[in-house]
1. Of the cross-linked pairs B:Lys16/B:Lys76; B:Lys52/B:Lys166; A:Lys32/B:Lys65; A:Lys41/B:Lys37; A:Lys15/B:Lys132, which ones have a Cα-Cα span greater than 23 Å in the structure shown?
2. So how much accessible surface do B and A hide from each other in total, probe 1.4 Å, in square angstrom to the nearest 100?
3. Can you work out the PRE-style zone for B:Ala123? Point 7 Å along Cα to Cβ, and I want the residues of segment B:35-63 with backbone N under 20 Å.
4. So which residues in segment B:3-23 end up with at least 20 square angstrom less accessible surface once the other protein chains are there, compared with the chain by itself, probe 1.4 angstrom?
5. For B:Asp70 and A:Asp20, what is the calculated FRET efficiency with R₀ set at 22 Å and r taken between the beta-carbons, to the nearest 0.05?
6. Give me, ordered by chain and number, the residues 5 or more places off B:Ala12 or on other chains with an amide H under 5 Å from its own placed amide H.
7. Work out, step by step, the length gained on full extension between B:Lys132 and B:Glu170: first 0.36 nm times the residue separation, then minus their alpha carbon distance; give nm to one decimal.
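The values are calculated or read from the model by the stated rules, or taken from the named source; none is laboratory data. Note that the structure is predicted; figures quoted are calculated from it, not measured. Please note: Cβ atoms are built from the backbone with ideal geometry, for glycine as well, and neighbour counts cover all protein chains shown. To get the accessible areas, we keep the full protein, side chains included, count just its heavy atoms, and leave off ligands, DNA and RNA. Shrake-Rupley method; radii C 1.70, N 1.55, O 1.52, S 1.80 Å.
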Amino acid sequence: MADINQDKLIEEHLKRLLSDYSVGYTEEQKTKIINEFQHFKLHNNNIKISFREIIRNKTLQFFIGTIILVLLLIYVFVKIFPSEKKDVINNPPSEPSTYTTTNNDTCQISPYHIDSAKDKSSATLTIHISPKDTISNKQLLNSDISTQITETSPKTVSLDTLYNKPKRKKKRISKKNTDTDEIVPLPLLEPQKPQSNPDTREEE
Amino acid sequence: MGNIYHKQDFLAHHNKDVEALNNLITQVLPRCNGLAKRYCKTDEQANELAVKCFLNVLKELLNRKEDEFDETTFLKQFIIYLVKTLLAQRTGILIADTTIVAILKKTQSNLFTNSEYYKKLPADEFIQHIRKLNTLQQIVFNMLVLDNFSITEVAEIIQHSELSIKALIERAKYNLYTSIKSIV
């Protein structure tokens, strides 16, 4: 019993004496630790350190955040407003567009209509000629926007832009008959048979 | 709890990391040297392992997710790393040391001697008595009695069952106290 009590006393004494026991370090130990740590830091943590510093730096955080935001906005903008080419095919213009020839004559071109039942690449173009002025085929051919309608089938025609057809001899419209203007049928245009297509050429 | 050390101080540039490291060395390395002296068999081994384990613990703590660590955490990790290194360095066949030194058998408890003789002994002498123990007994005694580890933690670190840890500690205490009493 006395031994047990003494063992306990020794144990308590040892705890008090040795639990916080410390021994001073030498300079050799210190320099060795510092050198090893620098070596470790250089070879193993270069990327990690720079990455951590970047993340922690508030200025850099701000710049990276703005760049990401701008990229997101560009992406959203592109999605919302796609390119024009797609728009033209999907949404043809509804209003007639006008153009002027070299002689300042105005011609009205009705919007082309794509017959959905037929091949989409084919389109019909109707040109409304102003009753005021007479336009010769020659003027029309020399206009900036000269088109050639090529016949692909008896019922439909296809439209090719920016092609100047070679000149043909045409009858001149006499000045006497001003009231009844004879419009020489243009080689560019072909008469259309009545269809479900409402756009037809009008003669005045 | 002790001082708190921030990871970013060690990873900074422009000599700030050296300053943080110097601070850590000044505060913690003496404790690490003391721990190594208790756990190791010789002073040379203690000096070598103190530096090695100090660096390895620092690297491990810097690689963790936590942004800071305190002295207590550092020392606990140091002890674990030290114990694992010592167990890995053991060579040869282990023999359980349950024998008592022959000289000690002659001693009997003397009612007329001062029962508090052990209080006059310096710490280094106690450490010499601790070093006489078997490696496992020395480790178990240090961890359970002096460093306040639980039996479960010790069993996990040393890779022994809890029953064997209990047996080890009882044997370690008996051998140590008998060794200390024999000096009287």
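1. Values: B:Lys16/B:Lys76 26 Å; B:Lys52/B:Lys166 30 Å; A:Lys32/B:Lys65 27 Å; A:Lys41/B:Lys37 28 Å; A:Lys15/B:Lys132 18 Å.
Pairs exceeding 23 Å: B:Lys16/B:Lys76; B:Lys52/B:Lys166; A:Lys32/B:Lys65; A:Lys41/B:Lys37.
2. In total, chains B and A hide about 3900 Å² from solvent.
3. Taking a point 7 Å out along Cα→Cβ of B:Ala123, the residues of segment B:35-63 whose backbone N falls under 20 Å are B:35-54.
4. Output list: B:Gln8, B:Phe10, B:Leu11, B:His13, B:Asp17, B:Val18, B:Leu21, B:Asn22.
5. Values: r = 16 Å, r/R0 = 0.71.
The value I calculate is 0.90.
6. B:Asp17
7. Values: separation 38, 0.36 × 38 = 13.68 nm, distance 1.55 nm.
So the extension gain works out to 12.1 nm.
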